[in-house]
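Please read the structure below before turning to the comments.
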Amino acid sequence: MKKKLLTFLCLMATVVLAACGFKKVDAGNYLKTSFSGVDTKGRITYQFNTEELITAFLVENPKADAKTESELRAAVAEVKITPSKSENLSNDEEVTLTFANTKNLEKFVTIPSEKKVKVTGLTAVKKLNSEELAKLVSLEATGFNKKGKAQVRVNDPRVASIRFVVENDGQLENGKDAKIKIAGNFDRVLESNGYILEGDGSFNLPVKGLKTVADKFEDAKNKDEVVKKLKEEIKLEKENLAEKSYSDKVISTAVENAKVSVPEKLVEQEVNSMFEQFTGNLSRQGLSFDLYEQFTGKGEADLKAEMKSDAENKIKTSFVLGEIAEVEKVEVTDADIDAEVKELATMYNMTEEGIKERISVEDLRGELVIQKTVDFLKANN
């Protein structure tokens, strides 16, 4: 009799619960939002705390059974929430979050069609236009007038990780501007430090401090010194050719039987590299190529024609030397790399960091392997 009575009471409770409905909680109270970033570039983060909602429902409806809880969980999982705007937010702006797929959930809880929230707490920012951006950096120009190079130094530690590129590097001239722009996308870095970039991140800085050379012999201030330097450069060129001739004899037996076909494009690139190195040597002596041409009668085309055979042979030799280096286990250490970087920095009047930015470590390692292999052949000749 008691068992039947208990069954009857449970049945009646279920009927009453179904008839009267559930005591509903407001689902909107369980949608939490937060904002991050800087003013005008803010972002919204939102979370529908479903477990807290389900717990609150069960507390308010202690007679709800396992089946009801299961249906509630399934209904909650169907809900989709969409913000009217999720980024580029400003303080005091209003964002509307819209609820969708709520039909099955509405029989358990009260749920709004949308919830409006006000954007707050975004960090105030300073806008960086070209003028303001230029104030954060300084320009370090090196080399000779009209062919100068430069590095951009960031003076503000808050944006020290930003990288800049000088678009007319290698063609800088005293009294004119270096054209600079941000190298890449650093918006997040700027934002995290309270800055917003206006424009494309480009600006100009005046160039000064480059060394000057005479373009014409009659313009030279000390003609005797110019003649002396030109003679020294020509003598050095002949010595280099003599040293190269000796090196060629040493390694000729290694390459004479090698059948290597060199693409014309590679030869052209090597000739241009050799010519650039030669004119760089002139510049470091305070001389221009125009002066050299007037003194020797050799123009750019003449000099490059002379270099072509050497360039082709150099490429062939590098292929063969690469094989010899592998067989003889010729190695280049980090100390060798550091020493070469230091020497190049002195040669080109640049910082060691500047050399590393322009020449990859692997390319430098390859060059040193070739040099060491040639030295090995000379020592064992």
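The values are calculated or read from the model by the stated rules, or taken from the named source; none is laboratory data. Please read all numbers here as calculations on a predicted model, not as lab measurements. Using ideal geometry, Cβ is built from the backbone for each residue, glycine included, and neighbour counts are taken over all protein chains shown.
Numbers below:
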{"item": "Residue within region 95-114 that is modelled with pLDDT under 90 and either touching a Lys or Arg at 6+ places or on another chain (Cβ under 7 Å) or not in a loop (DSSP other than H, G, I, E, B) (or both) present", "result": "no"}
{"item": "Every residue from region 297-330 that is without any contact (Cβ under 8 Å) to a residue 12 or more places away in the chain and assigned to a helix (DSSP H, G or I)", "result": "Ala301, Asp302, Ala305, Glu306, Ser309, Glu323, Glu326, Val327"}
{"item": "Scope region 303-346; condition over 35 Å from the mean Cα position of the chain (by Cα) and among the polar types (S, T, N, Q); matching residues", "result": "Ser309, Asn313, Thr317"}
{"item": "Any chance Gln269 is within 23 Å of Glu367 (Cα to Cα), surrounded by fewer than 17 Cβ atoms within 10 Å (Cβ to Cβ), modelled with pLDDT of 85 or more and out of contact with any Lys or Arg (no Cβ under 9 Å at 6 or more places or on another chain)", "result": "yes"}
{"item": "Scope region 68-114; condition within 19 Å of Glu51 (Cβ to Cβ) and either under 36 Å from the mean Cα position of the chain (by Cα) or of a type in the set (D, E, K, R) (or both); matching residues", "result": "Glu69, Glu71, Arg73, Glu78, Lys80"}
{"item": "Scope region 126-180; condition of a type in the set (Ser, Thr, Tyr) and outside any loop (DSSP other than H, G, I, E, B); matching residues", "result": "Ser130, Ser138, Thr142"}
{"item": "Lone qualifier among Gln269, Gln294 - being among the polar types (S, T, N, Q), over 29 Å from Lys372 (Cβ atoms) and assigned to a helix (DSSP H, G or I)", "result": "Gln294"}
{"item": "Hey, Ala325 outside the structural domain of Phe164 (by TED's automatic domain parsing) and at pLDDT 85 or above or not", "result": "no"}
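Here's the yes/no breakdown for (1) within 30 Å of Ala150 (Cα to Cα); (2) outside any helix (DSSP H, G or I); (3) of a type outside the set (A, V, I, L, M, F, W, C); (4) without any contact (Cβ under 8 Å) to a residue 40 or more places away in the chain:
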| position | (1), (2), (3), (4) |
| --- | --- |
| Asp290 | yes, no, yes, no |
| Asp336 | yes, no, yes, yes |
| Val341 | yes, no, no, yes |
| Thr346 | yes, no, yes, yes |
